[in-house]
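Only one structure is covered here, and it is reproduced in the block below.
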Ligand SMILES: Cc1cc2nc3c(=O)[nH]c(=O)nc-3n(C[C@H](O)[C@H](O)[C@H](O)COP(=O)(O)O)c2cc1C
């Protein structure tokens, strides 16, 4: 599991469960914070970091504006009505403490998740370039994975700067991303991917069905992968890689 910089739970707490983690980080204007994130990741046994390089700006997000997502501290009438329809969730919230962005709240004096996330998002360095990747490489001895690559030339540059791997994605599915079905996982493997990451499916499953919902989504994906493999006559993952892109016409 990749732990987002903006995770509500600090990486130390998640790591204490024994789960295998990768830490997703940004290069921030204040390099001391980035350095601290690296030290924390190493300190809790994390061996790989994912550095996201495609978030130079926070664009206009019309749905967030329409839904009042940026102003949760001042709920609108429709949000209040929505909350009123979920008494069990509200009761759970009342029993706990006010949520903070636990992974990064130490780097901001703001209170409340939105203000804390905004402060750190404003710290993301828009001038990020390959020298910064080289700087990261010097400051991190574990695996370095660059996320947000869309062009072969950029992949080569990332590897030249010392990356051990790249994640082909465009941060938020504005053009592509979108692994949603097992068949897409098999396609990615046939095209040479060593792994496939999912961003939204688990979040949708969590919203719809809580923790069991996430389990069900992962089970469904696994079942779909097995089904596609069986229908395509592929016995194991290695067979997908061996078949390569030539097998894709079968879909
Ligand atoms: C609500 C939301 C929050 C995200 N937060 C982060 C983040 O903190 N760090 C990051 O590198 N990418 C973040 N992303 C981007 C995802 O990691 C992923 O690249 C993107 O959603 C595309 O993959 P998908 O089609 O599987 O969702 C976020 C995406 C969404 C929708």
Please work out if residue 64 is farther than 28 Å from residue 137 by Cβ and either more than 16 Å from the chain's Cα centre (by Cα) or within 16 Å of the ligand (Cβ to nearest atom) (or both).
-> yes
Can you name every residue in region 174-210 that is assigned to a loop (DSSP other than H, G, I, E, B), within 11 Å of the ligand (Cβ to nearest atom) and either in contact (Cβ under 8 Å) with a residue 40 or more places away in the chain or farther than 30 Å from residue 139 by Cα (or both)?
-> 174, 175, 176, 178, 179, 180, 197
Scope region 43-85; condition at pLDDT below 80, surrounded by 11 or more Cβ atoms within 10 Å (Cβ to Cβ) and part of a loop (DSSP other than H, G, I, E, B); matching residues = 67, 68, 72, 75, 76
Looking only at region 101-116, which residues are touching a residue at least 24 places away in the same chain (Cβ under 8 Å) and in a loop (DSSP other than H, G, I, E, B)?
-> 101, 102, 103, 104, 112
Filtering region 1-35 down to residues that are surrounded by fewer than 21 Cβ atoms within 10 Å (Cβ to Cβ) and free of Cβ contacts under 8 Å to residues at least 40 places away in the same chain yields 1, 12, 14, 15, 16, 17, 18, 19, 20, 21, 32
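The values are calculated or read from the model by the stated rules, or taken from the named source; none is laboratory data. Just so you know, these numbers come straight off a predicted model, no measurement behind them. Counting neighbours? That spans all protein chains shown, and the Cβs are built from the backbone with ideal geometry, glycine included.
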